[in-house]
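One structure below.
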Amino acid sequence: MGIRKEIDESRQGEALLMEAKEGEKGKGPVAAGRKLYIESYGCQMNFSDSEIVASIMMDMGFATTGDHREADVIFINTCSIRENAEQRVRNRLKEFGANKLRKPGTLIGVLGCMAERLKAKFLEEEQLVDVVVGPDAYRDLPNLIGRLDEGGKAVNVLLSREETYADVAPVRLGGNGVSAFVSIMRGCDNMCSFCVVPFTRGRERSRDPHSIRREVEGLLESGYREVTLLGQNVDSYKWKSDCGNETMNFAGLLEYVANVSPLMRVRFSTSHPKDMTDEVLEVMSRHANICKYIHLPVQSGNSQVLERMNRTYDRDWYIGRIEAIRRIIPGCAISTDIICGFCSETEEAHQDTLSMMDYVKYDFAYMFKYSERPGTLAARKYQDDVPEEVKSRRLKEVIDKQQLHSLYRMEQHVGKVHQVLVEGPSRKSDQDLCGRNDQNAMVVFPREEGIRPGDYVSVLVERCTNATLIGRRVQPGHEVSSS
Ligand code: SF4
């Protein structure tokens, strides 16, 4: 599945804020003094795209606001991966109706995958919406806003085979100033039968690696200490220079980015079992600053279901990839995506998913009930014939098993010293700081004078829950007594 690493529930719908500094961006007449409010839903790619949109809008002169009541333009960057994701957007749109009453002339726009899926139909279905813009059409925003100002409605949902926004410097919105997303490619050429992404984000295209490296170098200078390279399927990253004398695959890109600085941690998402190579795993094992964590969606543990999902690998192939990870990068954390109750999934097939979980014991998993999406291969070819209550029961069994496995994996970290990249105060108490270890596990430890976000500290983990490691800071090289 593309970038299904959903952004934390707590960030869904987060308003992104950044004030335009005087004289900097935005000399365009269209927008002088006008305010933009962006709300993002769905995956990291959407949040990363909102930073591209903010950059384009600020070039026009917009400032951004975190308060939608004072906005002149309201954008919702939408997700279409499941029915409830779309319903959430429709409910939010109704709430924004009040903005138009309170501040006539307020413009409302929908961006992202739902905009691409519905296209102009969105304007018919949601009268409040003024503009519909697909993921490849953000460069056209100045023109579209201009047309709205003339009083019309506007749509641009053209998908592109070239667009990577490589030359658009994202405006970092929200976030912690320590970790940033860097998009390395767009679109997806896989046609998993349950997925809308190939229809809403188009064909795969890989971004120029030199522009990616420049972005990472810029982030390092600005104090960031971690980047997550984003792509629906990063393993199929493939770039060729215009004159054809230079090419790079994902293993090459990973090494090229890791060599920017040992201070910059490198993560990536999302991998695809059919394309993930040993070469990528070997590059990971050679660089201490490439984090030992892989998100490898399995979706199902049963080969017949995987075939109907058109995942292009079977159970044995997937197990082979897991064994390669364990062999080349011992201790690497692995997370996954699982869909329960896909078309004609039998009880036996469900048991195969549970036994796959027992075999891998994932550190973490995103787990969903199958939600039929209009226009997908599955919607056209297969019956959504697993009863809802059976889907729910199977999902519960998968979630219960994952909670045991998450705790099991977290307990492996207790009694060990981890290098933690400090992200900021812990959510539960500002007496504590938090950050992630190499395996992407959240670590909480007591706040200390002089320790700031972006610092690397050594933490001895003393206890854990199935979601958090709890410890205390120790000196680098601290010996853990075996007694
Ligand atoms: S088609 Fe498959 S690989 Fe591509 S984004 Fe969807 S689930 Fe992921």
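The values are calculated or read from the model by the stated rules, or taken from the named source; none is laboratory data. Just so we're clear, the structure is a prediction, and the values are computed from it rather than from any experiment. With ideal geometry, Cβ positions are generated from the backbone for all residues, glycine too; neighbour counts draw on all protein chains shown. These area figures cover heavy atoms from the full protein model, side chains too; ligands, DNA and RNA do not enter into them. Shrake-Rupley method; radii C 1.70, N 1.55, O 1.52, S 1.80 Å.
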Among the numbered criteria (1) surrounded by 17 or more Cβ atoms within 10 Å (Cβ to Cβ); (2) outside the structural domain of residue 310 (by TED's automatic domain parsing), which one does residue 194 miss? (2)
Looking only at segment 415-438, filter to residues that are touching a Lys or Arg at 6+ places or on another chain (Cβ under 6 Å) and not acidic (Asp, Glu); which one of those is nearest to residue 288 (Cα to Cα)? 421
Find all pairs meeting these conditions: Cβ atoms under 9 angstrom apart; at least six residues apart or on different chains; first residue within segment 365-384 and over 21 Å from residue 119 (Cβ atoms) and in the same structural domain as residue 118 (by TED's automatic domain parsing); second residue surrounded by fewer than 17 Cβ atoms within 10 Å (Cβ to Cβ) and modelled with pLDDT of 95 or more. none
Would segment 244-266 turn up any residue that is over 30 Å from residue 370 (Cα atoms), open to solvent by 60 Å² or more (accessible area, probe 1.4 Å) and modelled with pLDDT under 95? yes
Would a scan of segment 205-212 turn up a residue that is within 16 Å of the ligand (Cβ to nearest atom), touching a Lys or Arg at 6+ places or on another chain (Cβ under 7 Å) and within 19 Å of residue 241 (Cβ to Cβ)? yes
Need pairs with beta-carbon distance below 6 Å; first residue more than 12 Å from residue 261 (Cα to Cα) and charged (D, E, K, R) and within segment 210-227, second modelled with pLDDT of 95 or more and not in a helix (DSSP H, G or I); sequence gap 6+ or separate chains. 215/182
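If only one of 307, 279, 345, 323 is free of Cβ contacts under 8 Å to residues at least 60 places away in the same chain, in the same structural domain as residue 255 (by TED's automatic domain parsing), part of a helix (DSSP H, G or I) and under 26 Å from residue 392 (Cα atoms), which one is it?
Working: 279 fails: under 26 Å from residue 392 (Cα atoms); 345 fails: part of a helix (DSSP H, G or I); 323 fails: under 26 Å from residue 392 (Cα atoms).
Of 307, 279, 345, 323, the one residue that is free of Cβ contacts under 8 Å to residues at least 60 places away in the same chain, in the same structural domain as residue 255 (by TED's automatic domain parsing), part of a helix (DSSP H, G or I) and under 26 Å from residue 392 (Cα atoms) is 307.
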Residue under question is residue 246, and the condition is that it be free of Cβ contacts under 8 Å to residues at least 40 places away in the same chain and within 16 Å of the ligand (Cβ to nearest atom); does it hold? no
Condition (residue is touching a Phe, Trp or Tyr at 6+ places or on another chain (Cβ under 6 Å) and either surrounded by fewer than 18 Cβ atoms within 10 Å (Cβ to Cβ) or assigned to a helix (DSSP H, G or I) (or both)) applied to segment 56-65: is it met by at least one residue? yes
Just one of the numbered conditions (1) over 30 Å from residue 307 (Cβ atoms); (2) β-branched (Val, Ile, Thr); (3) open to solvent by 10 Å² or more (accessible area, probe 1.4 Å) is not true of residue 283; which one? (3)
Residue list for segment 173-204, filter: of a type in the set (A, V, I, L, M) and away from the ligand (no atom under 11 Å from the Cβ): 173, 178, 180, 182, 184, 185
Just checking, which of 408, 456 is aromatic (Phe, Trp, Tyr) and under 23 Å from residue 220 (Cβ atoms)? 456
